[in-house]
Every structure is written in C-alpha cells, then in structure tokens.
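The values are calculated or read from the model by the stated rules, or taken from the named source; none is laboratory data. The structure presented is a predicted model; accordingly, all values stated were derived computationally and were not measured. Note: ideal-geometry Cβ built from the backbone for every residue, glycine included; neighbour counts use all protein chains shown. We work out accessible area using only protein heavy atoms, side chains counted, and drop any ligands, DNA or RNA first. Shrake-Rupley method; radii C 1.70, N 1.55, O 1.52, S 1.80 Å.
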Amino acid sequence: DPVRIAAPVSLKGAFDAVVAKIVKDLGVEIVPVYGGTSLLARQILTGAPYDIFISANAAWMDEVADSGRLVPGTRHDLLTNRLVVAGNAPSPERPLDDALTEGQIAMALTDAIPAGIYGKQALLSIGMWDDVEPRVIETADVRAALALVARGEVPLGIVYATDVFAEERVDIVARFDVMSHDPIVYPLAMLTSAGTDALRVMAALSSDEVGELFAAHGFQRAD
Amino acid sequence: MTLAVQIQQKWPSFALDVEFDAPPGITVLFGRSGSGKTSAANAVAGLMRPDTGRLVLGGRILFDTAAGISLPPHRRRIGYVFQDARLFPHLTVRQNLTYGRWFAGRDDDIEMDRVVEMLGLAALLTRRPSALSGGEKSRVAIGRALLSGPDLLIADEPLAALDEPRKAEILPYFEWLRDETGLPILYVSHSVTEVARLATTVVVLEAGRVIRQGDAAEVLGDPTVTPTGIRDVGALITARLVAHHSDGLSELDAGGIPLILPQISGSLGREVRLRLPAQDMILSRARPEGLSALNVIPGTIISIRDGEGPGALVVLETAAGRVLSRITRRSVAAMGLASGMTCYAIVKTVAIAAPDAGG
Amino acid sequence: MTLAVQIQQKWPSFALDVEFDAPPGITVLFGRSGSGKTSAANAVAGLMRPDTGRLVLGGRILFDTAAGISLPPHRRRIGYVFQDARLFPHLTVRQNLTYGRWFAGRDDDIEMDRVVEMLGLAALLTRRPSALSGGEKSRVAIGRALLSGPDLLIADEPLAALDEPRKAEILPYFEWLRDETGLPILYVSHSVTEVARLATTVVVLEAGRVIRQGDAAEVLGDPTVTPTGIRDVGALITARLVAHHSDGLSELDAGGIPLILPQISGSLGREVRLRLPAQDMILSRARPEGLSALNVIPGTIISIRDGEGPGALVVLETAAGRVLSRITRRSVAAMGLASGMTCYAIVKTVAIAAPDAGG
Amino acid sequence: MTGISGWLGAEASAALALSLKVSVVATLVSLPFGVLTAFALARWRFPGRQILNGLVHLPLVLPPVVTGYILLLTFGRSGVFGGALAELGIVFAFRWTGAALAAAIMAFPLMVRAVRLSIDAVDPALEAAASTLGANRLWVFLTVTLPLILPGILTGAVLAFAKAMGEFGATITFVANIPGETQTLPTAIYSFLQVPGAEPEVVRLVLISVAVALGALALSEWLSVRVARWVAGR
Amino acid sequence: MTGISGWLGAEASAALALSLKVSVVATLVSLPFGVLTAFALARWRFPGRQILNGLVHLPLVLPPVVTGYILLLTFGRSGVFGGALAELGIVFAFRWTGAALAAAIMAFPLMVRAVRLSIDAVDPALEAAASTLGANRLWVFLTVTLPLILPGILTGAVLAFAKAMGEFGATITFVANIPGETQTLPTAIYSFLQVPGAEPEVVRLVLISVAVALGALALSEWLSVRVARWVAGR
Ligand SMILES: Nc1ncnc2c1ncn2[C@@H]1O[C@H](COP(=O)(O)OP(=O)(O)OP(=O)(O)O)[C@@H](O)[C@H]1O
Ligand SMILES: Nc1ncnc2c1ncn2[C@@H]1O[C@H](COP(=O)(O)OP(=O)(O)OP(=O)(O)O)[C@@H](O)[C@H]1O
Ligand code: MOO
Ligand SMILES: [Mg+2]
Ligand SMILES: [Mg+2]
C-alpha cells in the first residue's frame, strides 16, 4: 500500500517537490492528499485511510489527537511560516501602520481559516483591527486572498510569506512581528491507521535535506 | 353477456343520472350533443369514476359504490373507440393495432389481416399517426379496439370522420360483430341511419337522463321520440329473404307483402331488418299503377298526428308491421285521410337499399 | 375576392398536386378520406409550405415559390376551423372565442352575441375546453374562426361532430356568410347534403389531384362524378319563391313548374337553390292522381344510364332544368322507358325540405 | 423574526436575510433571460446556437470555483466588462449584487433546461391555430406558448431559487465573504465548518437552510399543482 | 489518447478518465431511480411525499460541502449505513464509487425535475386509452409513458452528467482528492488553483472539462432532436 499523506492544500507547491524527493530516496510509494485542513481532519475523524497528517494549525491537530487517532509520540511541528502584507507588484516595503492606512485588504476568513485568524490577532495586538475591519474582504482561503491581490482586484492582502514567494505579481509591503500572533506552525503526526512504510516517511520528512527543500519554497523548519 | 349500467355523477353545470341495460348486440346511446353520451361511456370504461352507481358486465361486477368495488380500466376488458382517435404517436399504425393484443394474449394473424383489410389499412401500416388523415386515424382507432379482444366494445361516434363509401364498408363489420360474436357493443351515434341499421337496443339520453330505452324497432318507430329531429323518424320492420333475382334485386317477404331491394347478401330464409324512413313513404288511396316504385304496402291508418310545421305523421298498421309516413297536412286534407281508412304506402326500392338494409 | 390555388407537395407515400379557384361563396373540397383535402387546406392557410405553388387571395399574393414569397399564417387573414377543434386549453370558451378579435381590431358585441346565440354557446362561456363534449368543442371552434374577421374562411368538416338539429341550425349561418358577406369559404366535407346546400363551387379531389371542379349544380348533377357513392347523386335546380301559404308550405316556381316545400324564409321573388336527390324521384308514365306527393315535374327522357348493380339513372330534361332519377332497371323495363319519351317525376314535399333547400 | 434572529445570532440571521434576497433577486431577474434563451434554443436555428447552448451549460460543468474566477476575470473591477460597467455605476465585485449574479449564472442552466423541456412539449398545432387567428409570433408566444409552459417556468424558478440558496463556490470566489454584504448562509456555514467544535452552529444554519428550502418547495408544489390544473383547464 | 495524456500529464489524464467514469456511472445508475422518483412524485399520492420531495432537493439547497459531510456521516466507514454496507463488501468512502455516489446525489434533483416535467406533460388520455386496451399500470408506464418522456429522461441524463463532471464540494468532502482513486477533474483543478503560478495547468484542465462537456451536449442535442421526432412521429 502507498503511504497516504493528508496535507493542507496550501503546501501543495512545496510538498509535491518534497514527495518526489522522498519517493526517489526511499523507493516507497507516496500519495499526497491535499485539502483544507478542517476537511482533512474531519475525514480522519470519520476513518479516512491516511497514514500521516500535516495540519495547517495546532487546533485541528489537537482535535485529531483528542480522538485518539494519533500514534503517541509522533506529533511534532514540521514547519513555520510568517505573516505579511502583500501588495500588487511592484510595491516597496513600508512600515505596517503606513501600509495599512487605506485600501481594501483581502484576508482568509478571520474567524475560521488559520491565516485569517492569525491576521486578526496581529491586527488586534497592534491596535489596528478596528480601523481595518470595515475594509476587510474575506476569502475562502488564503490563496483566494492572494489571487485577488495578484489580479489587482484588491490592493492589499494579508497572507503567508511563502505565498508571496511563489507569486510574481505580488510583493511584500510589510511584515508582522512573529510575536503579534500565535506561532504559525504546521504540526505533523502519524495516524493509528498507518502502514509499515509510514515511519520511514515520517523520518524522511523531518530530515535536513527535506528541510532545505522546504526552505527553497520559503518555509522555515520548526524547532 | 349483458351490461347493466347505473350511474350518477354531478358537475357544477351538468348532472348525469342514467340506468340502462346493454344486452348482447349493439346498444346505441343516442342523444344530442352534450347530452352525456361520452360521459356515460367513460364511466363504463372506468375512465371516470362516478359519484355513485353500479356496473355489472355478464355477472362480473365492474363497479359498485355500495360494495366499494371499482375495477381499474385494464381489468374491465372493455375496448374503447374514442371520439378523438387517441392513437399512440410514438407507435406505427401496425404497433397501434397490435397494442391490445399483447394483453389479450391472442396473436392470430387471420383476425389481424381481416381487420386490416376491412378498414383499408394495409398501405398505412408502417406510418405514424401524425402522417394520417382524419379519417385514417378513425379507422386505425377502430381496428385497435377490435383487436384487443374485449368483452364489451364501446364506440363513440366511430364513423363520424368517415366518408359514405367507407362507412358502408365498415358498418357490415359492426353487424357481423353484433350477429356472430355475441359481443355487447355500446355505440354512441348521432346518425339515425347507423342507429337503425345497427341498434339492437336504443337508449335515448337527454340532458344527462335516459328518456327512453328499449328495443330498437320500438324506440325508433315511436314518433314521440325524435331526439334528433322529425326527419329521422322511420319504422323498423323485419322481413325474410325469399329470392335473389337475376337482375340484381332481392325479394323479401314482410308478413306476406313482397318487397324488392337491391341485392342483399345472405342465404334464403334469413331474417333481415329494414328501416322504412317516414320521410320516403308516399301514400295513395288507390293501388298505384305505372309507377317506377316497386314496393307497395297496403295498410290501415291507425293515427294521424300533426307535427310541428306543415307536416303530419300517418301511422299505418300493415301485414308487414307498423309503418310511418310523413306527408304534408295539405295532402292529408286533399286526400281526405282519416283513421280507419285503407291506403297504400309506396316506397322506392332504392330508398330502403343499403345502408338501411341489414346486409 | 377570389382565392387562386396552385400547389404541389410530395411525401414518400402521397403526392398532392392541385389547382383550383375559390370564388366568393363556398367552395367545397370534396373527396374520400385521405384524398388530400386537409393537406390542401393547410397549404392555403400557411400551416404547411408546399414544395412549389402559388396562392393568390383577392390580388394579394400569399405564397409564390417562383417569387420567393410566403406570408406567415397570421398575415394571411384566413380563419381556420380545424378538423380537430384545437381549442386553447388554458382559456375559457369566451376567451377562445374572442382570441382572434384582438388582432382583427374589431370588438362589436353584436356580432359576438349573434355567434354565441347561433352556436348555442351561452351556457358554456365560462367553461374550459376540457369540460366540453365533442360537439360543443366543434361549435366553439367554428365561433372562434368566424369571430377573427378573416378574408377567407377554411372549415374542415366543421359539422362532422354535430347532431342533425344542431347542423340544421348552423348551416343557415354558413349560407348567410356565403350570400351576404362575399367572404370566400373553403369548406371540406364528406356530406353531399352539406355540399348541395352550401356549395357555390365544388372541387373534387381524388388521391391528391383535382378530378373535377366547377359550378356546384354542374358537378353534383353529373352522374359520372360520384366520389362518395351513387346514392348521393342529385340535381340542383333554381326556383323562385312565389308564395307563402297559410298551412306552413311555400310555393316556388321552377321554370313554370310549381313546387311545394315546407316553409322557407325570405321575401317573395327570392331565388332558392333546391337539390332533388335522384334517390327520391319516382317516375310515372301517366300524370299521377291521388298521391300524397305534391310535386310532379313533367319532362322528356334524354338518357338512361345503367349503373353498377341493379340501378339505372334516368336523366330528364324539364322546364325546371335537368332532373335525375335513380330507379331499378327492372322498373325501366316494366315501364318501357326509353330516350325521348315523356314522363313525370314525382317528389315528396318533405324530400326537398331543409336541409336540402337553401333557406 | 426576533425569535429566529435571537436563536441564530445577529450574524447568522443577517446571512439568512441576505441569502433570501440574493436568491429571490437572482431568480426573478434571470427568469426572463432564461425563458428567452430556452425559447431561442428550442425554436430558432441560428449560427452560434450550439455555442450559446454550451455557454449556458458551462457553470454546471465547471467546478464552481472556476466559474467564480471567470466571473472575477470578466465582471471584477479590473475585468473585461467589470471596468466598463463600473463607469456606469454598476458594480458587482464584493457587493450583494455580485452574489446574485453568481447565483443566477450557476442556476441558469437548470432554469433554461426546465423551460426548454416545457417548450418542446407544447403542441405546435395550438400555436398554428393561434397564428391563423391573426397572432404574430410574439403574440402567439405571449398568449399561447407562455401560459402553456408556466409549469416549466415555475419548475425552472424553483430549481434556480434552490440552487441560489445553496450556491457557495462561485459566490465566495467572486464576491468573497463580507458579513452583511456578501455573507450568505452557505458561506457562513463554510466558515463555521473550519473551526473545531463549531458543529452546533453548523447544524443550526443547515437546519435553517433546509427549512427555507422546504418551505419554498412546498409553496412551489402547491403553486405548480394549481398552475398545471389551470393550464390543462381541469 | 496518448496525445492528450501527453499534453495533460499523467495526473491530469488520470483525473479526466476518472471524471468520465464517475459521471457515466453516476448518471446511468441513478437514472432508473430518478425516473421512478419522478413518477412517484408526479403521479402517486402517499404519506411522506412532501418529505421525499424535500429530500430529493436537499443537495441543491445545501452547500455541497454540507452534503459531503452528510454523506461522510452516513456512508463513511463509521457512518450509519457505511458500516453495514462495508460488511457486505460495499465501500464508498474514499473510493471512486463514493465519488459516483456523491455526483449522483448532487445531480439527482436535476434529473428528477427534468423527468417529472416530462411526465406532467404526458396526455393522460393516451394512458387511459392504453389501459382500456388491457395494459396494467406498469405496462402503460413502460409502453406509453416511458417512450413519451424520453426527451425528459435524456435532458435529465445530460444535466446529471454535466453536473457530475463539475461536482466538486461534495466529492472532495466525501471521498477526498486521492490521485488515481478519487481525484476528479474538478478536485484536480482545485489543487492546482492553490499553487501559485500553476495557472497554465488550471487552464488546461478547464479546457479539457469544457471540451468534454460540449461534446456531451452536442451529442445530446443531436440525440434529443431525433428522440423528439421519433416520439412525435414526425
Ligand atoms: N369534467 C367536466 N366538468 C364539467 N362538465 C362536464 C365535464 N365533462 C363533460 N361535461 C359536460 O357534460 C355534458 C355531457 O358531456 P358529454 O361529453 O358526455 O356529451 P356527449 O353526449 O358525448 O356530446 P357530443 O355528442 O357533443 O360528444 C356536456 O354539457 C359537457 O359540457
Ligand atoms: N406529413 C405527412 N407525411 C406523409 N403523408 C402524409 C402527411 N400528412 C398527410 N399525409 C397523407 O396524405 C394523404 C392526405 O391526407 P389529408 O389529411 O389531406 O386527407 P383528407 O382528405 O383531409 O382526409 P380525411 O377526410 O380523412 O381527413 C393521406 O393519405 C395522409 O396519410
Ligand atoms: O456546483 Mo456546486 O458543487 O452545487 O456549488
Ligand atoms: Mg361525446
Ligand atoms: Mg382531413
């Protein structure tokens, strides 16, 4: 059986490269299954046949952990990311409060999607939420927010640094302090339904070579 | 097999309340447009469920509100020739014809061939109904019902869309059904000619009620029952076929009176029903001489009844049975006709020819 | 206004190729079932586009394949009474009747009231077509077409679903249309009675071709044209109304010969068309006495033609015009009839009564 | 309504109100276009007919998100028509009108198909009869065809309304999720689904969706029985 | 096919093949149920009729994701029926069969409505005529009603097929997005949409969807013209 890895769809670009490398190195068959984190988590809760789960936030990994479907001791944070304000290229980088003074701001759902939740926390902590809120355009996921900025539909967006990294039509306008919101982590864990090859894949995912590959896509290793 | 009908149905603007029996043979439902003929037929076939009533066909209860019985149409075994043809548009003429035979469980091609030939459908078999003329549709509808092997046939003005020669070709088939099969037939018609020729029993409807019913000869010979107008009155008499002459005429004997008709089929000795339209009977005080009309029936006047308008209806008792003649009041006066008087009724050979002669 | 028709249309199984004129008055398309009457009517109305042809109505070109003209139906101003009623199911009877008047741009209630009354529709006005009987539907369809104010009326067997008294009530309306309005009417019928009574012009179709056309008297009096059977032959003569008698009879003068008929309407001096069915004419060598029949027409035999079967058709030249009598060959022999001989044609008053008398 | 909005919370009841507004407007505004398109497809032969037919069906075939993107590309602020329309003061992007547009376009194939099926079932003989009575094509359509296809139009409208109530992917992609402006019931449900433990909210919103839809269905059933009776004259 | 799969890449052509399989199976398998349901709703009066009607329409009204979750809760491995069916060897969850189930359920209201509209347009007089000829209800249905509603069935099937080709939300929720097993064209498109710079892949997949759909539509148009002619006998 192939090793099935449920991964947030926002990782797809980087993760496809990672999977290719591991498949080549280990000679195991791996099938990445991409989807929204909440969707993947709920599927796991109803018995989805995945071996490894990568979550885009801690909350859904906690939820899965509570159900007892994680192999104890296998959970750890794989990656971290940073939150930035993106603008249509070319845009010079500016201080946050300057960058956010006017124009609509695209964000993933601020009460539901991790990127949106982090963004709201950050804005609250720097005291700009009340000013910004009426100008927020909420999207279904962070990629949709990025697309709006890339197309020039909306001048600004709050997205991950990795998103800007991969999208040429968008520049970083400002960066949020990592302390202004909960840590952005991608926890990884093996599921109780996992097959025999899963452990080797877990190890490979945490290897330095893979870490470098992630870094090449803008992600940082979590320590 | 006899059909006993008793139904009541009320609509806001019309009430149907009929009770009649349809014995073997052809029972004609006769009445003006809108008198309830089609409604009654629908109730019998099970296509309309009356408010109350009871229908029994040869001992089988088809419908009985008191007993809570109502057989669905397909279990009544009643073939129905609808007033509108209602052919299946997606089937060819042949498939329309054979539709009912699947269920009748019969599949004898002789019957099929006979019907196809009689109705002149051979050239149409592969066509769809949309490529048929009005009269062609009617013929297919008749064939379809006949071929479904029913216990009772309902025909709602089946010949209305047909021309005279075609009617003349199809009428004998209904007669054959009546005479040879014992199949009761409920036949809706406006045409006195058809009624006279076909009816065993006549049920006259008016405004949803039966105003007269009984033996065809009796009802049609009754001058008080003229649902479709005085022009249609006529006597029905029975005669026996005694000779076929070489000049294409047949001789009949009606209670000792010889009648000459254009050739009619059948073997000698056969009983034939004739309609003598009151319209076509000329009266003479003296036995007429040198006339082209070959049939002269002596009789005694038993009543003279003035009609509406300038006409009068003279009823004669003759050896052949009761005979009616409609003439003008002026002639009654000029000839001095009165009850009890002897006179002669004259009728042309051709006036009692087909389609009035059963044959 | 005259309609000139010339159309060709081919189907795999049927070819229509007709050419005729319909002058003011009623042009009857006459022919057996499937002869192409409805197809021709559809082409005139624009509901079927023939392969080739030309249609001109009172100078307006409706259709001309050579010139590439084809007016859509709504611009032809042709009212059509369809063989099937084709009422709008979602409209009441009243709305069906008034449908065409929106477009005719007329709205005179007198006309509406007249039509409603004549067709006996008053009680039905608020009903939907699904609650009408077959005959009721036909009547509404006639009214609807009449009220659309057409330049030409097409009526495809409009009376087929009606009973005799209703027919007798509606026929005069068509006569009124013919005589008073100058509206050309194309009338499809199987019924010789209707044809004789209504037709100005008769066009006889057989297998999609015109086999005879012309003045009604001429075509119907021609014994070689009997598209619907020999029983239907008869002479059409013209007579003048000379007196109304107090006993409900009217006296007419046909070339000096007095004829007595049941009362007919109209002012004295009026010309009336009468049909004398060959079927109903009795011949006598001597002037008959003491008969109830009031009408005796002396004449000279100009031909005796043996028909199929035992009959013969005797043609008399009389002061009233040419008269036909169908009698048996046996009578011809018995009476010694021959060309050039003088004899008397006898016909009952009631035999030429309505509906055969234009009245 | 206070009872319901109390039980639902202010945000959810705003979403319900907006969903209703969007669905009703989408249905009513697109109905005439739907009928016209169905008629054109059923009765007219014109070049590009197959292309129109294809276009109408596209929203059914494509994932809703793609349709949303296409809307963004065409009716967005910097879109092909969006810019021109904005000059005229007609803005769809991030407005409830955009949600209605998205819903209408997603529902359009359903509406057109339903109406077209009805048009195909109309007996041409009745239309021919009307034309002999002097009605031109437009009048024949208005007085004969249209009444006879009312059941199909009603079905089309119900399908469109139901689809509009449930439309999510194209809507959120095109007009995003602005509470009070473009947050419909489905987008609200989607938000709650993303949050662990928010199932009770989800169930509440789903129930309210279902109730509205069943109400609309029951109403339409009742209506369509009457319309069918009326049309058939029974 | 090698040309296409070369141009598309292995993953995309697997998705195309799967989409076709899922859509065809969903359409064909649900067709008899759709016709039966439509007939029941149109002609029978039974308790629970309105509930059935509501159930059939639910997938239209609910956001597809919700339908997907409901499927997961009922037909998933630990779902109400899912467990029982699994004992019998019938597994939907995370299988292509599940994608077909999701597509069929999402398309069901469209199919039922189309068929029902056709059933309502059948002249009951023809069915009555058949019954007087001895056909019981089933035979009347098979020999008269069914042929006459073929255009509606065809329309229903086309709508269902098109919807199945485009179905995304319920599918990804119920059976996820497993390449080669449950990854259909729409879920593949969704995945690529998430990758910045993958627009060319998206456009490629969208074009292939459109081509398939237009092909199916053209075929169905052609078929439906023939069927309509056949039914009307013209
Ligand atoms: N569903 C209905 N609702 C109300 N009235 C009806 C309904 N069906 C028929 N009628 C009326 O009942 C009467 C009888 O109709 P029916 O069709 O039985 O007449 P009919 O004798 O067959 O006439 P025709 O010779 O014209 O066919 C008519 O006046 C008709 O209008
Ligand atoms: N669309 C068609 N395709 C092929 N044949 C047709 C078509 N329409 C009519 N016909 C044939 O043309 C012939 C003439 O039909 P039409 O309806 O004109 O006859 P009709 O004279 O009106 O007959 P009826 O008196 O029975 O109504 C018939 O044999 C009919 O079968
Ligand atoms: O086409 Mo959807 O998957 O109902 O929004
Ligand atoms: Mg009737
Ligand atoms: Mg005809």
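What to note about this one:
- Among (1) part of a loop (DSSP other than H, G, I, E, B); (2) more than 12 Å from chain C (Cβ to nearest Cβ); (3) open to solvent by 20 Å² or more (accessible area, probe 1.4 Å) - the single one B:E117 does not satisfy: (1)
- For segment C:328-346, the set of residues classified as at pLDDT 85 or above and part of a strand (DSSP E or B) consists of C:T342, C:C343, C:Y344, C:A345, C:I346, listed by residue number.
- Selection status of A:D141, open to solvent by 20 Å² or more (accessible area, probe 1.4 Å), within 11 Å of another protein chain (Cβ to nearest Cβ), within 19 Å of the chain's Cα centre (by Cα) and touching a residue at least 60 places away in the same chain (Cβ under 8 Å): yes
- Cβ separations smaller than 6 Å between residues 6+ apart or across chains give the following pairs from segment C:63-77 residues that are closer than 14 Å to C:L153 by Cα to residues that are of a type in the set (V, I, T): C:P73/D:T132.
- Unmet criterion (only one of (1) open to solvent by 30 Å² or more (accessible area, probe 1.4 Å); (2) not in a strand (DSSP E or B)) for C:D21: (2)
- Selection from segment C:101-141 of residues that are closer than 30 Å to C:D21 by Cα, away from ligand 2 (no atom under 16 Å from the Cβ) and at pLDDT 90 or above: C:V140
- Residues that are within 16 Å of ligand 4 (Cβ to nearest atom) and part of a helix (DSSP H, G or I) do occur in segment C:141-160.
- Considering C:L259, C:L241, the condition of being within 14 Å of chain B (Cβ to nearest Cβ) and at pLDDT 80 or above is satisfied by C:L259 alone.
- Any hit, segment C:164-184, residues being away from ligand 3 (no atom under 16 Å from the Cβ), surrounded by 23 or more Cβ atoms within 10 Å (Cβ to Cβ), in a strand (DSSP E or B) and assigned by TED's automatic domain parsing to the domain that holds C:D21: yes
- Some residue of segment D:153-169 being within 10 Å of chain C (Cβ to nearest Cβ), closer than 28 Å to D:V22 by Cα and at pLDDT 90 or above: no
- If the condition is being open to solvent by 60 Å² or more (accessible area, probe 1.4 Å) and modelled with pLDDT under 90, then segment D:9-42 contributes D:A10, D:E11.
- Filter result for B:L16 (within 30 Å of C:A122 (Cα to Cα), within 16 Å of ligand 4 (Cβ to nearest atom) and part of a strand (DSSP E or B)): yes
- Any hit, segment B:278-293, residues being touching a Ser or Thr at 6+ places or on another chain (Cβ under 6 Å), at the interface with chain C (Cβ under 9 Å from one of its Cβ atoms), open to solvent by 10 Å² or more (accessible area, probe 1.4 Å) and small (G, A, S): yes
- On the stretch given as segment B:294-310, residues that are within 23 Å of C:R330 (Cα to Cα) and either at the interface with chain C (Cβ under 7 Å from one of its Cβ atoms) or without any contact (Cβ under 8 Å) to a residue 24 or more places away in the chain (or both) total 1.
- Given (1) surrounded by 20 or more Cβ atoms within 10 Å (Cβ to Cβ); (2) in contact with a helix residue (DSSP H, G or I) (Cβ under 8 Å, 6 or more places away or on another chain); (3) outside any loop (DSSP other than H, G, I, E, B), index of the condition A:G119 fails: (2)
- Out of C:R76, C:R32, sole residue that is open to solvent by less than 10 Å² (accessible area, probe 1.4 Å), within 14 Å of another protein chain (Cβ to nearest Cβ) and of a type in the set (K, R): C:R76
Yes or no, residue by residue, for (1) in contact with a helix residue (DSSP H, G or I) (Cβ under 8 Å, 6 or more places away or on another chain); (2) within 16 Å of ligand 2 (Cβ to nearest atom); (3) among the hydroxyl-bearing types (S, T, Y); (4) more than 17 Å from C:T38 (Cα to Cα):
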site	(1), (2), (3), (4)
C:D156	yes, yes, no, no
C:L159	yes, yes, no, no
C:D163	yes, no, no, yes
C:E180	no, no, no, yes
C:L186	yes, yes, no, no
C:S189	yes, yes, yes, no
C:T201	yes, no, yes, yes
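- Subset of segment C:185-195 that is in contact (Cβ under 8 Å) with a residue 40 or more places away in the chain and either of a type in the set (S, T, Y) or closer than 23 Å to C:E117 by Cβ (or both) - its residue that is surrounded by the fewest Cβ atoms within 10 Å (Cβ to Cβ): C:T193
- All positions within segment A:12-38 that are open to solvent by less than 20 Å² (accessible area, probe 1.4 Å), at the interface with another protein chain (Cβ under 9 Å from one of its Cβ atoms) and part of a helix (DSSP H, G or I): A:K12, A:T37, A:S38
- Some residue of segment B:67-86 being closer than 25 Å to C:S13 by Cβ and either assigned to a helix (DSSP H, G or I) or charged (D, E, K, R) (or both): yes
- Any chance E:G6 is within 14 Å of chain D (Cβ to nearest Cβ) and at pLDDT below 95: no
- Residue within segment E:28-39 that is in a helix (DSSP H, G or I) and either within 12 Å of chain D (Cβ to nearest Cβ) or under 24 Å from E:V206 (Cβ atoms) (or both) present: yes
- Filter result (open to solvent by 50 Å² or more (accessible area, probe 1.4 Å) and under 25 Å from the mean Cα position of the chain (by Cα)) within segment B:294-318: B:E317
- Test result for E:S191, modelled with pLDDT under 90, open to solvent by less than 10 Å² (accessible area, probe 1.4 Å), out of contact with any strand residue (DSSP E or B) (no Cβ under 8 Å at 6 or more places or on another chain) and within 12 Å of chain D (Cβ to nearest Cβ): no
- Test: E:P47 is without any contact (Cβ under 8 Å) to a residue 24 or more places away in the chain, assigned to a loop (DSSP other than H, G, I, E, B) and surrounded by fewer than 17 Cβ atoms within 10 Å (Cβ to Cβ): yes
- When each of B:Q95, B:Q9 is tested for being open to solvent by 10 Å² or more (accessible area, probe 1.4 Å) and either among the acidic types (D, E) or without any contact (Cβ under 8 Å) to a residue 40 or more places away in the chain (or both), the lone residue that passes is B:Q95.
- Boolean, B:R86 is closer than 26 Å to E:W230 by Cβ, surrounded by 16 or more Cβ atoms within 10 Å (Cβ to Cβ), within 16 Å of ligand 4 (Cβ to nearest atom) and over 22 Å from the mean Cα position of the chain (by Cα): yes
- Helices (runs of 4 or more DSSP H) fully within segment E:108-200 counting 1 or more residues that are within 23 Å of D:A170 (Cβ to Cβ) and of a type outside the set (S, T, N, Q): E:150-166, E:169-175, E:185-193
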